[in-house]
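The values are calculated or read from the model by the stated rules, or taken from the named source; none is laboratory data. The structure displayed is predicted, hence computed values, not measured ones. Here the Cβ positions follow ideal geometry from the backbone for every residue, glycine too, while neighbour counts run over all protein chains shown.
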Amino acid sequence: MTTALIFDLDNCLAPATAIGSDLYTPAFDAIRATNHGHLTDEALARACHDIWRHPLDWVAARHHFTPAMLAAAWQVFTTMEVTQPMQGYDDLPALRDLPAARFLVTTGFRRLQASKIAALGIAPLFTEIHIDAIDEPQHRLGKAGLMQQILTDHQLAPAEVLVIGDSAHSEIAAGNQLGIRTVQTLRPGVPHADNATFHIHSLSELPALMK
């Protein structure tokens, strides 16, 4: 019996692009300004595309940013925040009817992720909200660490929990690491993750997996 659900935020409950494409422009400009020919235009475009789906530190390592490129983007992202209301996916209201404790675990810059949660107005839907803040490395537990903390604090066995998210490399991998069943939300543009236990297209499909 599933008694707890751990959700990701971006591309699970709301499109990452729901913040508006212009918000990331200063960060992308900073990356290009410090590139100095290190990456081709095509490689830069791929890296910027990945920033919409993955944390900046992960993207920088994967795409071999120079320290200057990472530092320039980092400086912009630490002050970034959403100031307008955001629209989540159409099935977001289904969260209210799920018969389980709900937790949110999201990775990114603390100010930005907190502002997204506020702009969506979803905080009341969750028992707890945890931000895996990449700009607070001295306190960072990572998604697997935060999920383990939830299990420990609420005396939950892995078999009682589902982890729901889009990223094979992030929350799906973290849930698998802890022996928790994982559910990938196949939102538009999300590549199929072979390492997820289940796959859904809508949150309304979750009750069938909770039995």
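A few comments on the model shown:
- Scanning segment 74-126 for residues that are part of a helix (DSSP H, G or I) and among the acidic types (D, E) yields a single hit, D97.
- Selection within segment 103-125 - within 16 Å of the chain's Cα centre (by Cα), more than 19 Å from A144 (Cβ to Cβ) and not hydroxyl-bearing (S, T, Y): F109, R111, L112, A114, K116, I117, A118, A119, L120, I122, A123
- Failed item, numbered, when H199 is tested on (1) without any contact (Cβ under 8 Å) to a residue 40 or more places away in the chain; (2) buried (at least 17 other Cβ atoms within 10 Å of the Cβ): (2)
Yes/no matrix, rows are residues, columns are (1) under 15 Å from L13 (Cβ atoms); (2) in a loop (DSSP other than H, G, I, E, B); (3) touching a Pro at 6+ places or on another chain (Cβ under 9 Å):
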site: Q138; (1), (2), (3): no, yes, no
site: Q184; (1), (2), (3): yes, no, no
site: N195; (1), (2), (3): no, yes, no
site: H199; (1), (2), (3): no, no, no
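- Here T2 qualifies as in a loop (DSSP other than H, G, I, E, B) and within 30 Å of L92 (Cβ to Cβ).
- For segment 38-63, a residue qualifies if it is at pLDDT below 95, assigned to a loop (DSSP other than H, G, I, E, B) and surrounded by fewer than 16 Cβ atoms within 10 Å (Cβ to Cβ), but none of them does.
- The listed residues are A123, A157, A101, A133, and the only one of them that is loosely packed, with under 15 Cβ neighbours inside 10 Å, among the aliphatic types (A, V, I, L, M) and over 20 Å from A18 (Cβ atoms) turns out to be A157.
- Residue identified as more than 20 Å from the chain's Cα centre (by Cα), more than 30 Å from D153 (Cβ to Cβ) and hydroxyl-bearing (S, T, Y) among T17, T34, T3: T34
- One residue stands out in segment 171-180 among those that are crowded, with 17+ Cβ neighbours inside 10 Å and either modelled with pLDDT under 95 or not in a loop (DSSP other than H, G, I, E, B) (or both): the one that is farthest from the chain's Cα centre (by Cα), namely N176.
- Pairing residues of segment 91-109 that are without any contact (Cβ under 8 Å) to a residue 40 or more places away in the chain with residues that are buried (at least 21 other Cβ atoms within 10 Å of the Cβ), at Cβ distances under 9 Å and at least 6 apart in sequence or on separate chains, gives P93/L203.
- Every test in (1) crowded, with 16+ Cβ neighbours inside 10 Å; (2) more than 17 Å from the chain's Cα centre (by Cα); (3) not in a loop (DSSP other than H, G, I, E, B) is passed by A71 save one, and that test is (1).
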